[in-house]
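The values are calculated or read from the model by the stated rules, or taken from the named source; none is laboratory data. Note that the coordinates shown come from a computational prediction; the quantities given were computed from them, not determined experimentally. Methodologically, a virtual Cβ is constructed for each residue, glycine included, from the backbone with ideal geometry; neighbour enumeration extends over all protein chains shown.
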Amino acid sequence: MGASQHTGTCRTGRAATWCSVRVGTLARCGRRIDHGMADDTPWFSPEHQVGIPRCRTPGEEVWRLEHDGRTQSCELRDDSTVGAGWDVMILEAGEPRFSRRCMDERGARYLADCFRQDLVLTGWIDDRDPNR
């Protein structure tokens, strides 16, 4: 096992290091570590920022239930156009609590209905129901 480092400049003109590491018969070459953009903040610091925060894209809300001032809802998202199936997401107060992938819409709706039935059995009430 050997490792070598090559120093040069990246296209922005900053100093960069290219690492070539050989592990057994597998070689990982060309991984670039850009030292010009290094952050001196430790990774565990509250000020450490990683990437750009993404906004959650809402899906189709299937149901919404309330219990003791808490609200849970279920959203379905169709990701089948990219081959990822359907996502069933349970949210509490708008924040994701649980997510499960399903192969098709039928399975996702069945799973969402099962979650709803479980919550109704434990005392949760449909907040859109006018008869409550």
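Residues C74, C19, C29: which one is modelled with pLDDT under 90 and surrounded by 14 or more Cβ atoms within 10 Å (Cβ to Cβ)? Steps first, answer last, please.
Numbers: C74 fails: modelled with pLDDT under 90; C29 fails: surrounded by 14 or more Cβ atoms within 10 Å (Cβ to Cβ).
Just a single option satisfies the conditions, and that option is C19.
Evaluate the range 100-118: report whether one residue or more is among the hydroxyl-bearing types (S, T, Y) and assigned to a strand (DSSP E or B).
Going through the range 100-118, the residues among the hydroxyl-bearing types (S, T, Y) turn out to be 110.
Those still in the list that are assigned to a strand (DSSP E or B) too: none.
No.
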- Message: For the range 114-130: of the residues being in contact with a strand residue (DSSP E or B) (Cβ under 8 Å, 6 or more places away or on another chain) and of a type in the set (D, E, K, R), which is surrounded by the most Cβ atoms within 10 Å (Cβ to Cβ)?
- Response: R116
